[in-house]
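J.: After the structure tokens below, expect a handful of questions from me.
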Amino acid sequence: MGTLYLVRHGQASFGEADYDQLSALGRRQAVRLGEYWRERGMRFDAVIIGTLKRHRQTWEGIAEGLGLDADTVPLEWPGLNEYDSHAVIATVHPEPLQKPDTPELYRHHFRLLRDGLAGWMNGRSAPVGMPSYVDFLAGVTTALDHVRDRHHGARVLAVSSGGPISTAVGHVLGTSPETTIELNLRIRNTALTEFVFTPKRHMLLTFNTLPHLDGPAYEDWITSA
């Protein structure tokens with residue numbers, strides 16, 4: 001069997017004008033994950049990433065930690081890109097939101113996101129500029145199909161976001177949209193989710209783990225946004 005290692009991007013710039021940019025901590029998280037793997041002799045037979053900046057920046061940090069050459073080129077897969085959270089929230093709250101700079105505003109943001117995701121996934125809403133959830137799901141499942149078809153018995157790394165990763169888990173486990181949303185909102189930055197796979201199917205092995213941040217030295221490196 002092969003193994004697919006799904007990694008959520010490092011901490012991005014939540015609440016800023018350009019979210020699609022790793023913070024300084026997000027960069028350190030990614031490098032640390034690469035270092036963790038290098039310490040254990042890990043090598044990947046193939047690398048797939050979404051096309052967002054935070055995906056590439058996370059991969060570059062991992063590659064640095066692994067000690068890989070700068071010319072290692074991953075396969076870009078748009079189906080691993082995240083949904084537009086602003087468009088999703090606008091389906092349930094059209095008015096502009098305050099910057100989520102307090103705990104209550106942060107919770108309010110994610111309550112709205114949960115409600116907006118439920119409507120999109122159940123086909124009740126169509127966020128502006130976004131595909132239907134059926135098409136979003138297809139973008140994720142075709143990536144899984146590609147891994148099974150092209151990389152049997154291999155170690156494959158995929159760098160993506162919480163939405164596609166939780167969608168992949170939900171697809172493999174057959175979860176309800178509500179459960180998939182809860183999985184989505186629990187995935188931490190640079191968290192690792194592992195599937196083992198055969199040519200016919202993927203099977204969940206681990207979900208949302210942070211082995212590279214285990215220990216007191218990294219307690220304040222654990223983030224979710």
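The values are calculated or read from the model by the stated rules, or taken from the named source; none is laboratory data. What you see is a predicted model, and the numbers here were worked out from it, not measured in a lab. With ideal geometry, Cβ positions are generated from the backbone for all residues, glycine too; neighbour counts draw on all protein chains shown. To get the accessible areas, we keep the full protein, side chains included, count just its heavy atoms, and leave off ligands, DNA and RNA. Shrake-Rupley method; radii C 1.70, N 1.55, O 1.52, S 1.80 Å.
J.: Give the long-range amide H neighbours of PHE207: residues separated by 5 or more places, or on another chain, with amide H under 5 Å away, using H modelled in the peptide plane at 1.01 Å from N.
T.: Distant-sequence amide H within range of PHE207: GLU194.
J.: Mind putting a number on the dipole of the chain about its Cα centre? Charges go on the C-beta only, +1 for Lys and Arg and -1 for Asp and Glu, and I need it in Debye to the nearest 20. Could the numbers behind the result be given before it?
T.: Numbers: 22 positive and 26 negative charges, 99 e Å.
Using only the charged Cβ atoms, the result is roughly 480 debye.
J.: Ignoring ligands, DNA and RNA, what percent of the accessible area of the chain is carbon or sulfur (1.4 Å)?
T.: Numbers: 5550 of 10740 Å².
With neighbouring chains kept in place, the figure for the chain is 52 percent.
J.: Apply 1/(1 + (r/R0)^6) to the Cβ-Cβ distance of TYR106 and ASP18, taking R0 = 25 Å, and write down the FRET efficiency to the nearest 0.05. If you can, show how the numbers build up before the last one.
T.: On the way: r = 19 Å, r/R0 = 0.75.
Computed FRET efficiency for TYR106 and ASP18 comes out at 0.85.
J.: Tell me the per residue accessible area of the chain using a 1.4 Å probe; a whole number in Å² is fine.
T.: Values: 10740 Å² over 225 residues.
Here the per-residue accessible area is 48 Å².
J.: What ranking of ARG150, ARG107 comes out by heavy-atom accessible area, probe 1.4 Å, highest first? Let's see the in-between values first.
T.: Details: ARG150 170, ARG107 120 Å².
The most accessible residue leads, giving ARG150, ARG107.
J.: Here's something else I'd like to know. Treating the angle as unsigned and between 0 and 90°, give the value, to the nearest 10°, between the Cα long axis of helix 103-121 and the longest Cα principal axis of the chain.
T.: The angle comes out at about 90 degrees.
J.: I've got another one for you. Amide H of ALA12: which non-local residues (sequence gap of 5 or more, or other chain) have their own amide H closer than 5 Å, using H built in the peptide plane?
T.: For ALA12, whose amide H was placed from the backbone, the distant partners under 5 Å are SER23.
J.: Quote to one decimal, in nm, the extra length available between SER176 and MET130 on full extension: 0.36 nm per residue of separation minus the C-alpha distance between them.
T.: Values: separation 46, 0.36 × 46 = 16.56 nm, distance 2.11 nm.
Contour length minus the Cα-Cα distance gives 14.4 nm.
J.: How much accessible area does THR72 have with a 1.4 Å probe, in Å² rounded to the nearest 10?
T.: Surface open to solvent at THR72 totals about 60 Å².
J.: If you don't mind, another one. What list of ³J(HN,Hα) couplings, whole Hz, do you get for the stretch 208-225 from phi and the Karplus terms 6.51, -1.76, 1.60, once you set θ to phi - 60° and write x for glycine and proline?
T.: 6, 9, 10, x, 6, 10, 7, x, x, 5, 10, 4, 8, 9, 8, 9, 10, 10
J.: Now for a different question. Cut-off 11 Å, label point 7 angstrom out along Cα-to-Cβ of MET1: give me the residues of the stretch 196-225 whose amide nitrogen falls inside.
T.: Residues 196-199, 201-206 qualify, since their backbone N sits under 11 Å from the label point.
J.: What are the ³J(HN,Hα) couplings of the stretch 147-155, residue after residue, when phi is run through the Karplus curve with 6.51, -1.76, 1.60 and θ = phi - 60°? Round to Hz, x for glycine and proline.
T.: 4, 5, 6, 9, 10, 4, x, 9, 9
J.: Please work out the FRET efficiency for the pair HIS93 and TYR218, using the Cβ-Cβ distance as r and a Förster radius of 41 Å; give the result to the nearest 0.05.
T.: Numbers: r = 35 Å, r/R0 = 0.86.
According to the calculation, E is roughly 0.70.
J.: Follow-up question, since we're still on this one. If you line up the Cα atoms of the stretch 73-225 on their principal axes, what length do they span on each, largest first, in Å?
T.: That works out to 49, 43, 31 Å along the principal axes.
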